[in-house]
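Novice: Supplied in structure tokens, the structure appears directly below.
Rule-based calculations on the coordinates, nothing more; no lab input. All values derive from a computational prediction rather than experimental measurement. No Cβ is skipped: glycine too gets one built from the backbone with ideal geometry, and neighbour counts run over all protein chains shown.
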Amino acid sequence: MKAQACFSLQDFYGGSISTRLGVAQRLYPELASELAAHEAFTRMLAQAAILEKELAQTMAALDLGALCTVCGAKSGGGCCSSFMAGENDVPQLLLNLLAGVPVASLREDAECCFLGERGCLFLFKPMFCLNYNCQQIRLGAASARMQKLDQATGKLLQQQYALEQLLLEILRKRGTLRG
């Protein structure tokens, strides 16, 4: 029988993004079936997926994809820089893997390594990525639409946080996470 991996909080939140991605990809096969059988976790993950779809619809109604694509194509790019990849931690990467997202580094340039041809590959994004709205977005959307965007973002971030806390609790109980 293969020994269970054990990691520290530093492994989950520190180091390079490639190291954190490696930890998430190592843990995923160990955890997938166990978490699929965990009723509270699966219920919360399903709720997070629903909230992500609601946020995506809200973002589409604001035509954020077009705004972000135009900005990202300019010299110097947009807010999805290579630095932003570092905002991702192991729990967030794991949640995406558990939701069926094929998490992998897609590029090695000035853009975020998780940015594909159709945008961010994640369902569950870091807080900064969801909370940041540049001047073009704020000026291009009516106040009521921005309020709806903020509300949808807040709901998803609350669910992601609760789900991450449950995941960390499960990992501590099984001895996978110390600290």
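Novice: Express the relative contact order of the chain as a whole percentage, based on alpha carbon pairs under 8 Å and six or more residues apart in sequence.
Specialist: Averaging sequence separation for qualifying contacts and normalising by length gives 33 percent for the chain.
Novice: What angle do you read, to the nearest 10 degrees and between 0 and 90, between the alpha-carbon axis of helix 143-173 and the longest principal axis of the chain?
Specialist: Compared with the principal axis, the helix lies near 10 degrees.
Novice: To the nearest 500 deg cm²/dmol, what mean residue ellipticity at 222 nm is calculated for the chain from DSSP H runs of n ≥ 4 alone, each contributing -39,500 (n - 2.57), summed and divided by the residues?
Specialist: Rounded to the nearest 500, it is -19500 deg cm²/dmol.
Novice: Among T42, C113, L149, which residue has its Cα furthest toward the positive end of the charge dipole of the chain, with +1 on Lys/Arg Cβ and -1 on Asp/Glu Cβ?
Specialist: T42
Novice: Let me ask something else. Give the longest segment of the chain that steers clear of trypsin sites (Lys or Arg not before Pro) in DSSP loops with at most 14 neighbouring Cβ atoms within 10 Å, not counting the sites themselves.
Specialist: 3-73
Novice: With +1 assigned to the C-beta of every Lys and Arg and -1 to the C-beta of every Asp and Glu, and no other charges, what is the dipole magnitude of the chain about the Cα centre in debye, to the nearest 20? Working shown, then result.
Specialist: Values: 17 positive and 16 negative charges, 41 e Å.
Using Cβ point charges on Lys, Arg, Asp and Glu, the chain gives about 200 debye.
Novice: Return the single residue from E111, E34, E87 with maximal mean-square fluctuation; model: Gaussian network over the chain, springs between Cα atoms under 10 Å.
Specialist: Result for the chain, Cα springs under 10 Å: E34 fluctuates most.
Novice: Compute the helix-to-body angle for 64-73: its Cα long axis versus the longest principal axis of the chain, expressed 0 to 90° and rounded to tens.
Specialist: 90 degrees
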